[in-house]
Amino acid sequence: MIYETAPAKINLTLDTLYKRDDGYHEVEMIMTTVDLNDRLSFEKREDGEIVIDVEHNFVPSDHRNLAYKAAKLMKDKYNIKDGVTISLEKSIPISAGLAGGSSDAAATFRGLNKLWGINDSLEALSDLSAEIGSDISFCIYGKTALCRGRGEQLTHLPKPPSAWVIIAKPDIGVSTPEIYGALTLEKTSKVLTKECQQALIDGDYERLCKSLGNSLESVTMGLYPEVEKLKNTMTNTGVDAALMSGSGPTVYGFVQKERQAKQVYNALKGCCKDVFIVRLLG
Ligand code: C5P
């Protein structure tokens with residue numbers, strides 16, 4: 001049996017540059033990971049089948065699950081005869097902007113690389129994974145990175161200075177294609193990815209807080225006003241910075257003291273079901 005953890009990601013920045021001929025958006029974004037983890041285990045099957053064992057009302061256990069797609073791609077690419085039972089324990093909220101599904105898929109690439117004795121490099125897995133989703137390449141490493149292209153071209157960066165992160169998701173799910181579909185590039189606000197990169201290199205917490213930005217934030221807020229309301233509530237608790245992650249609807253905030261994190265948590269617990277206090281993993 002092989003075990004893997006699949007951490008959630010947050011966007012420190014997300015800048016949409018232009019729409020490409022293949023329908024994707026060229027992006028420039030800095031992502032990092034937090035210690036909010038799904039847990040996966042992998043057990044070999046002699047019958048060659050891929051079986052996903054998951055108890056969650058909104059997570060499919062068939063070919064629609066990204067972990068299934070990852071296993072199928074590995075099996076075909078490396079010509080593997082064995083099958084696998086993948087047990088998936090979800091903690092990361094779904095359709096949240098936290099890359100839960102992508103992180104599960106990345107953990108599947110890493111887990112099967114061991115279980116099936118493939119032993120390919122993380123770089124090769126990262127390249128392969130881009131065939132089934134833009135954020136999986138980042139999740140293969142789970143380390144702070146500047147991500148370009150449609151998200152799959154990585155330049156690793158120093159991990160952020162230590163902070164407590166409060167993560168809150170309104171009780172709605174948001175579809176990434178819906179948000180990208182509603183994006184008007186001319187209306188997006190300026191995102192300070194270079195500034196954020198420098199803050200990470202310098203280990204400068206205050207500068208990092210000032211450089212957070214996401215050009216999808218106003219799009220999601222336009223469609224789902226509860227996201228703006230949540231961000232305002234979080235900002236009013238006195239967090240050092242707050243931002244929506246990915247295409248949303250999750251909003252996160254940074255503070256430096258555990259006591260402050262608990263205060264923010266208590267203030268938000270009344271307005272959404274999913275609230276977590278986590279640490280940056282980076
Ligand atoms: O790659 P992934 O399957 O996660 O992307 C889901 C959808 O999000 C794409 O089909 C596309 O509509 C949108 N997307 C985009 N530009 C990106 C990443 C995703 O337009 N860089």
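Computed about the Cα centre, the dipole magnitude for the stretch 1-93 is approximately 140 debye when only Lys and Arg (+1) and Asp and Glu (-1) carry charge, each at its Cβ. Of the residues 235, 184, 16, 33, the one with the fewest other Cβ atoms within 10 Å heads the list, and the complete ranking is 184, 235, 16, 33. For the stretch 70-126 and the stretch 10-49, what is the separation of their Cα centres, given in Å? Between the Cα centres of the stretch 70-126 and the stretch 10-49 lies a distance of 12 Å. Under a model in which nothing but the beta-carbon of Lys, Arg (+1) and Asp, Glu (-1) is charged, the stretch 162-277 shows a dipole of about 260 debye around its Cα centre.
Contact order, relative form, for the chain: 23 percent (alpha carbon pairs under 8 Å, 6 or more residues apart, mean separation divided by residue count).
Per-residue Karplus couplings for the stretch 197-214, computed as 6.51 cos²θ - 1.76 cosθ + 1.60 with θ equal to phi - 60°, are listed in order as 4, 5, 4, 5, 4, 7, x, 9, 4, 5, 5, 4, 4, 6, 9, 5, x, 8 Hz, Gly and Pro entered as x. With the simple spin-label model, which puts each label point 7 Å out from Cα in the Cβ direction, the residue 19 to residue 56 separation comes to 3.1 nm.
Residues in the stretch 77-92 carry Karplus couplings, in order, of 5, 9, 6, 8, 7, 5, x, 7, 9, 9, 9, 10, 10, 8, 10, 6 Hz; the curve used is 6.51 cos²θ - 1.76 cosθ + 1.60 with θ = phi - 60°, and Gly or Pro positions show x.
Rg and Dmax of the stretch 1-103, based on Cα coordinates, read 15.9, 47 Å. In Å, the Kirkwood hydrodynamic radius of the chain over pairs of distinct alpha carbons? Answer for the chain: a Kirkwood hydrodynamic radius of 19.1 Å. Residue exposure proxy: 112, 281, ordered by other Cβ atoms within 10 angstrom of their Cβ from fewest to most, comes out as 281, 112. Could you give the longest part of the chain that holds none of the GluC sites (Glu not before Pro) found in DSSP loops with at most 16 neighbouring Cβ atoms within 10 Å? Longest site-free region, per DSSP loop and neighbour criteria: 132-282. Among 265, 24, a tally of other beta-carbon atoms within 10 Å of each Cβ gives an order, fewest to most, of 24, 265. Straight-distance candidates among the lysines for linking to residue 77, with alpha-carbon spacing under 26 Å and chain neighbours fewer than 8 residues away dropped: 44, 69, 114, 143.
Placing +1 at every Lys and Arg Cβ and -1 at every Asp and Glu Cβ, with all other atoms neutral, what dipole size does the chain have around its Cα centre, in debye to the nearest 20?
Dipole about the Cα centre, nearest 20: 640 debye.
Only Cα pairs under 8 Å and 6+ residues apart enter the sum, and on that basis the relative contact order of the stretch 14-57 stands at 24 percent.
Partners of residue 273 within straight-line reach, counting lysines whose Cα lies under 26 Å from its Cα and excluding those fewer than 8 residues away in the same chain: 9, 90, 169, 229, 231, 257, 262. One way to sum up the overall shape of the stretch 121-187 is the equivalent ellipsoid from its Cα gyration tensor, whose semi-axes run 23, 20, 13 Å, largest first. Under Stokes-Einstein, with the Kirkwood radius over Cα pairs as Rh, the value for the stretch 193-282 at 10 °C and 1.306 mPa s is 115 µm²/s. Phi angles across the stretch 181-193 convert, under the Karplus curve 6.51 cos²θ - 1.76 cosθ + 1.60 with θ = phi - 60°, into 3J(HN,Hα) values of x, 8, 6, 10, 4, 5, 8, 6, 7, 5, 10, 9, 4 Hz, Gly and Pro given as x. Across the stretch 50-168, the relative contact order, built from alpha-carbon pairs under 8 Å that are at least six residues apart, equals 19 percent. Quick one, can you get me the convex hull of the C-alpha atoms of the stretch 74-193 expressed as volume per residue in Å³? Residue-normalised Cα hull volume stands at 161 Å³.
A short reminder: the numbers here are calculations on the coordinates, not readings from a lab. The structure displayed is predicted, hence computed values, not measured ones. So basically every Cβ, Gly included, is an ideal-geometry build from the backbone, and we count neighbours across all protein chains shown.
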